[in-house]
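Notes for the one structure printed next.
The values are calculated or read from the model by the stated rules, or taken from the named source; none is laboratory data. Worth saying up front: this structure is predicted, and the values here are computed from it rather than measured. Every residue, glycine as well, gets a Cβ built from its backbone with ideal geometry; the counts of neighbours run over all protein chains shown. Ligands, DNA and RNA are excluded from the accessible area calculation, which covers all protein heavy atoms including side chains. Shrake-Rupley method; radii C 1.70, N 1.55, O 1.52, S 1.80 Å.
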Amino acid sequence: LLWRKNRRRLEAEAIRDALLSVSGALDGRMGGPAFNSLNTPRRTLYLMTTRTGAKTSNYGALFDRADNNSIVGKRTQSVVAPQALFMMNDPFVMAQAVALSERVKVEVLATRPQERIHRLYQIVLGRFATQRELEIGLGIIESDKGRGWERLCLVLLCTNEFIYLG
């Protein structure tokens, strides 16, 4: 019955933690003070939320984090354009794509880009790239010699396969 299973999007905290994890930047230490900058590499569990309207990140509200001003038995799940725009354009996500591209370059010293693309797919999606995905990846890398790897990493971080559980 797995073929009938509904896909489920990761929660806001899991999306951010996954971004930090694949880029190799996640600080998994437990405890410590809360933080309010999305760029802090700590787990999202410690992202500050306030009831007083103090300046905190709006990341949680964008990805349906529970409203801290009311009792919430179950989170809503929305799919809206600003979520995709955040994933494509936010400086935090871009920084994770850059860190991910550096991670792949360090882990795979081979000169063949196909090996690096396969490793990238293993890190982000947990599988090898298909032949068509290899062709697309090579096209992205060759179209922009300076930032091609970063662009390919960003493409993978923006896929539904990364954000949804199947």
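Listed values, structure above:
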read-out: Long-range neighbours under 7 Å by Cβ, at least six apart or interchain, first residue open to solvent by 80 Å² or more (accessible area, probe 1.4 Å) within the stretch 130-145, second assigned to a helix (DSSP H, G or I); value: Glu142/Gly148
read-out: Residue in the stretch 98-129 that is nearest to Tyr164 (Cα to Cα), counting only those that are in a loop (DSSP other than H, G, I, E, B) and open to solvent by 60 Å² or more (accessible area, probe 1.4 Å); value: Gly126
read-out: Residues located in the stretch 7-41, provided they are of a type in the set (Asp, Glu) and open to solvent by less than 60 Å² (accessible area, probe 1.4 Å); value: Glu13, Asp17, Asp27
read-out: Residue within the stretch 46-54 that is part of a loop (DSSP other than H, G, I, E, B), surrounded by 12 or more Cβ atoms within 10 Å (Cβ to Cβ) and modelled with pLDDT of 75 or more present; value: yes
read-out: Tally of residues being within 12 Å of Leu47 (Cβ to Cβ) and among the small types (Gly, Ala, Ser) across the stretch 1-31; value: 1
read-out: Any chance Met94 is closer than 17 Å to Leu20 by Cα and at pLDDT 95 or above; value: yes
read-out: Qualifying residues in the stretch 146-166 (those that are open to solvent by 40 Å² or more (accessible area, probe 1.4 Å) and of a type in the set (A, V, I, L, M)) - the one farthest from the chain's Cα centre (by Cα); value: Leu165
read-out: Qualifying residue in the stretch 1-17 (condition: part of a loop (DSSP other than H, G, I, E, B), in contact with a helix residue (DSSP H, G or I) (Cβ under 8 Å, 6 or more places away or on another chain) and modelled with pLDDT of 90 or more); value: no
